[in-house]
1. Return a whole-number percent for the relative contact order of segment 312-497, with Cα pairs under 8 Å and 6 or more residues apart as the contact set.
2. By average Cβ neighbour count within 10 Å, what is the ranking of 89-95, 337-343, 409-415, 303-309 from highest down?
3. Can you tell me, using C-alpha contacts under 8 Å and at least 6 residues apart, the relative contact order of segment 376-451 as a whole percent?
4. At what distance in angstrom do the alpha carbon centres of segment 401-457 and segment 175-226 lie from each other?
5. Using only the C-alpha atoms of the chain, find the volume of their convex hull and express it per residue in Å³.
6. Kindly give the semi-axes, whole Å and largest first, of the ellipsoid equivalent to segment 162-229, taking each as the square root of 5 times a Cα gyration tensor eigenvalue.
7. Put one equal scatterer on each alpha carbon of segment 401-470, apply the Debye formula with no solvent term, and list log10 I(q)/I(0) at q = 0.22 1/Å to two decimals.
8. Going by Cα centres, segment 62-112 and segment 293-341 are how many Å apart?
């Protein structure tokens, strides 16, 4: 990276970092410096989305939701600018730039340098930024277990499900109940001795046990035992701050990869007789990280399954494998259900309901309808297939009761649609900030029509017309009928540039 660009990253990280709250005793370090070469993308690995939310933001949210008072340090590196701008300036959030990626241990060192002399004691959590399924419940469990056991270091572990030969993760090696002489391990039982990489296990001799001395006692493990051990390292840790800062500088890069690894802290803690414990979450999927597109897709499918499980007995979802409802909308649906009034909401195959959408009772969204941003629905509405409804973040679409919008319509911007309206197919409607679109009650719009920034009064019928910044009044003819608007086309512009062939 050029010096000018590097300086810009440092400046951006400083500008969008907020004040570290020294009164808060807990800090989370999120490791988001890696690019993820195996993901084969120009985008930062941390910006790949799970259920429409970038993974690094999901990790951030899980931490903030679980721990009320928390400082967060996000370590950025490759594609640092993109990650910093995604998170933006948030309370008690600091960015630390790891200019050269020298391993997870080095990333923690870089983060701690940013908060040096700002913490006297407390807890530091370390999490990878690609663990996009970790949630509030898991972080609460991890924190509570760390406090309850009074550990100096704790590892969140996963339990591999399936054939152990397919488990390429580093194994968690714990103190057994009995040492090799058959003597009780006492209070040491269950403590973490080390994390052993799978490739190192495979290189062990077949007929010779692997022996480890811990706290004066020798523990013996067969190669088969180590391979079949399902417990693996997730990359999530908790530390007592003082113990971490005491030992983190002792990490070295004397290994084949020439990198500084956070896992080496386990042996350093054990040498000091500091307690290292481990706990596995209730749901194993929360510790999933990804290095390729197929695993990311699997994580997306798990997120979809979680949403479906929450909603399957509240609303009707036609295809559990093909729909999207933003998590904030999911929460609102669950709150609506608590009123014990049937919602009667139907979600067709391929329907997308984005952030900011406000649902109501008796709504039907047919196949591939796309609705996002501030779209607020009344009751008793049918949205037909391939309809597009969207607004900018500061705009709003308000749809009244008993409205039907037919297939393929595109409706965007600042718009109010009154009660009992019917917008037939092939209609395009737009409202801007300066010229919002207001449609009264009992309005019918049909044919290939385009309407922009207009005011349409009640009971009007419009067919095959183009209305741009017009007011359409309710005109009653002598016979009592309301004047219809049909085939209204504005005078063409640029006609001088058009000629017959």
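Values quoted throughout were computed directly from the atomic coordinates according to the rules given, and no laboratory measurement underlies them. Bear in mind that the values here come from a model prediction, so they are computed numbers and not experimental data. All Cβ positions, even for glycine, are placed from backbone atoms using ideal geometry, and neighbour counts span all protein chains on display.
1. Numbers: 531 pairs, mean separation 19.7, N = 186.
Taking the mean separation of contacting Cα pairs over the length of segment 312-497, I get 11 percent.
2. On the way: 89-95: 17.7, 337-343: 10.9, 409-415: 21.3, 303-309: 16.1.
Answer by packing, highest mean first, reads 409-415, 89-95, 303-309, 337-343.
3. 26
4. One Cα centre to the other: 71 Å.
5. Values: hull volume 112.6 nm³, N = 501.
Taking the convex hull of the Cα positions in the chain, it is 225 Å³ per residue.
6. 22, 13, 10
7. -0.88
8. Here the two parts' Cα centres lie 30 Å apart.
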